Ligand SMILES: [Mg+2]
């Protein structure tokens, strides 16, 4: 359904750094300028390309490609290990620039974010001028380029930012949404993966114009519950809000017991359940949120409180058991409340190369502009 006509269209900017890690490395090592660079894992340890610059892409190197294959395609490739601290620092500075225009900033990864600037006062309210300023500030304050897309919703803003990479700025005005979307291939629609796209193509549904010719009923029969979203997106409609939650600082669960836990053994039994809950909660962490430390919190029956914590990148149940033992020994009395938690930082653990998402760093597969 179209949004109420009396509501003014939203102004969403999607801002995406161009080959982020590789760009930071080129910035810091001028001797690499103009040469093909890939940042990622070691070729002899089945590492993959996390990020590569345009000079490398000219040789067919791509994000998520095995590094060994990248080197075969481009023997002169300079391979660098990721320096996550540098990327995190740059990411924070870039986010601070975004937040100087609007509080409504939703980071998707270290190098990508949505901004809702509908009510922003800067640049006389012009999203295009704001995007131009943002690009200039990231260039001068951080030393890399970003591509931005401006549109009335998230779905189109993200497509627009990939339209003219690198260093692009693409605006989809509300009045041109319809024409723009009509030619889009279905695989560009949010939520449509390879399997769904193949199913749609097999039924002659190749572009958004084809989707529009099908009723919602037909679409549901084809792709299930995704059908309704497809029908909306194919008409350029996407009401998802920009979610501006700040990065979490910690994550924890706790329980106050009706009957005090009298000994370490009964504390351990309860601890297991708490750690399980914590692990479930941690599944909601974003790709840019990393566990730095873990802790166990204890309140004794005399209401005295103690917290034991240590550095850890994982929610290892054994570590929590050790912390519990230490904490319980401090009070040496019945326990009234137990809590377990983790402190979170804005980072991507360097050891998790496999988690690097190729789609966040590339302009691969951007469709040709409509004619
Ligand atoms: Mg990027």
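The values are calculated or read from the model by the stated rules, or taken from the named source; none is laboratory data. Bear in mind that the values here come from a model prediction, so they are computed numbers and not experimental data. All Cβ positions, glycine included, derive from the backbone under ideal geometry; neighbour counts span all protein chains shown.
Could you please let me know if residue 27 is within 16 Å of the ligand (Cβ to nearest atom) and touching a strand residue (DSSP E or B) at 6+ places or on another chain (Cβ under 8 Å)?
no
Being more than 16 Å from the ligand (Cβ to nearest atom), touching a helix residue (DSSP H, G or I) at 6+ places or on another chain (Cβ under 8 Å) and within 19 Å of residue 14 (Cβ to Cβ): is that true of residue 187 here? Lay out the reasoning, then the answer.
Values: more than 16 Å from the ligand (Cβ to nearest atom): yes; touching a helix residue (DSSP H, G or I) at 6+ places or on another chain (Cβ under 8 Å): yes; within 19 Å of residue 14 (Cβ to Cβ): yes.
In short, yes.
Name the residues in region 9-36 that are on the phi > 0 side of the Ramachandran plot and free of Cβ contacts under 8 Å to residues at least 24 places away in the same chain, would you?
Once the filter is applied, which keeps residues that are on the phi > 0 side of the Ramachandran plot and free of Cβ contacts under 8 Å to residues at least 24 places away in the same chain, region 9-36 yields only 34.
Of everything in region 44-59 that's in contact (Cβ under 8 Å) with a residue 24 or more places away in the chain and in a loop (DSSP other than H, G, I, E, B), which residue is nearest to residue 109 (Cα to Cα)?
Here the answer is 53.
Residues in region 165-180 that are in contact (Cβ under 8 Å) with a residue 40 or more places away in the chain and touching a strand residue (DSSP E or B) at 6+ places or on another chain (Cβ under 7 Å): how many?
The number of residues fulfilling the criteria is 5.
Looking at this structure, is residue 40 farther than 19 Å from residue 111 by Cα, touching a strand residue (DSSP E or B) at 6+ places or on another chain (Cβ under 7 Å) and either at pLDDT 95 or above or surrounded by 17 or more Cβ atoms within 10 Å (Cβ to Cβ) (or both)?
When the stated conditions are applied, residue 40 does not pass them.
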